[in-house]
1. Would you check the accessible area of Tyr68, probe 1.4 Å, heavy atoms only, in square angstrom rounded to 10?
2. To the nearest µm²/s, what D does Stokes-Einstein give for segment 1-138 at 37 °C and 0.692 mPa s, using the Kirkwood radius over alpha carbon pairs as Rh?
3. Could you pull out which residues in segment 51-76 have an amide N less than 14 Å from a spot 7 Å beyond the Cα of Ser161, following the Cα-Cβ vector?
4. What ranking do 101-113, 78-90, 48-60 get when scored by the average of other Cβ atoms within 10 Å per residue, highest first?
5. When averaged across all projection directions, what area in nm² does the alpha-carbon convex hull of segment 97-152 cover?
6. At R0 = 30 Å, how high is the FRET efficiency between Thr136 and Asn51 if r is their beta carbon distance? Nearest 0.05 is fine.
7. Given contacts defined as C-alpha pairs under 8 Å and at least six residues apart, what's the relative contact order of segment 32-117, whole-number percent?
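The values are calculated or read from the model by the stated rules, or taken from the named source; none is laboratory data. Note that the structure is predicted; figures quoted are calculated from it, not measured. Neighbour counts run over all protein chains shown; Cβ positions are idealised from the backbone, glycine included. When the accessible area is computed, the model is the full protein with side chains, heavy atoms only, and any ligands, DNA or RNA have been set aside. Shrake-Rupley method; radii C 1.70, N 1.55, O 1.52, S 1.80 Å.
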Amino acid sequence: MSSITTTIAATTGFFCLCGAATFIGWAREPRQFRADPPTAAALDHLRLMPNTIGGTPPEVYFKMGKPYESTAYNLSQGKRLYAWFGCPQCHGDGQGKNGPSFLDGWWLYGPSMISIVASIRDGRPHGMPAFKGKMTSVQIWQLAGYVKSIGAYSPSVVAPSRNDDKTNRPAENRAPAIILFDEGPTPVRPDQGPSP
């Protein structure tokens with residue numbers, strides 16, 4: 001009888017641990033797979049500066065807790081969109097090719113989330129296409145969050161999914177820009193906009 005009781009206790013304990021782990025995983029970061037239509041519409045109302053560099057995100061973005069730059073799910077979705085929409089063809093793995101680098105310490109249109117969203121949504125002169133008609137507003141924000149994580153200058157506890165292939169740069173949550181960029185005694189490219 002004692003071996004049956006021990007087996008039942010062990011099985012019950014195992015299922016309790018599995019249930020607790022599942023609950024903790026769910027409670028830690030709830031996923032919203034689709035934004036409510038009013039929320040998605042509110043994300044489209046950017047308040048940009050007259051030069052379209054910088055501005056203020058919509059109030060709903062702050063009320064949501066800045067999810068597109070602070071949750072692993074949204075960063076992973078942004079990473080997927082980065083590959084799907086051909087961003088590596090111009091920007092490589094963040095070090096640049098035909099398009100600008102996110103890791104060289106200079107952001108032509110500013111390193112803020114709102115500037116990145118505006119660049120993706122509306123496009124920029126000299127080759128950056130507009131994706132407003134090709135992506136939803138939520139997808140644009142997810143992609144912007146991922147791009148911001150590539151050019152991060154401070155480490156984050158949040159990371160997108162790992163790469164299966166080799167890369168030449170540290171993981172996104174390790175602040176690759178600060179690790180790889182050495183400004184030197186004088187700014188290398190002072191004509192390229194603000195440095196973080």
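1. Approximately 10 Å² of Tyr68 is accessible to the 1.4 Å probe.
2. For these conditions, the coefficient is 181 µm²/s.
3. Output list for this probe position: 72-76.
4. 101-113, 78-90, 48-60
5. Result: 3.7 nm².
6. Taking R0 as 30 Å, the efficiency between Thr136 and Asn51 is 0.70.
7. 24
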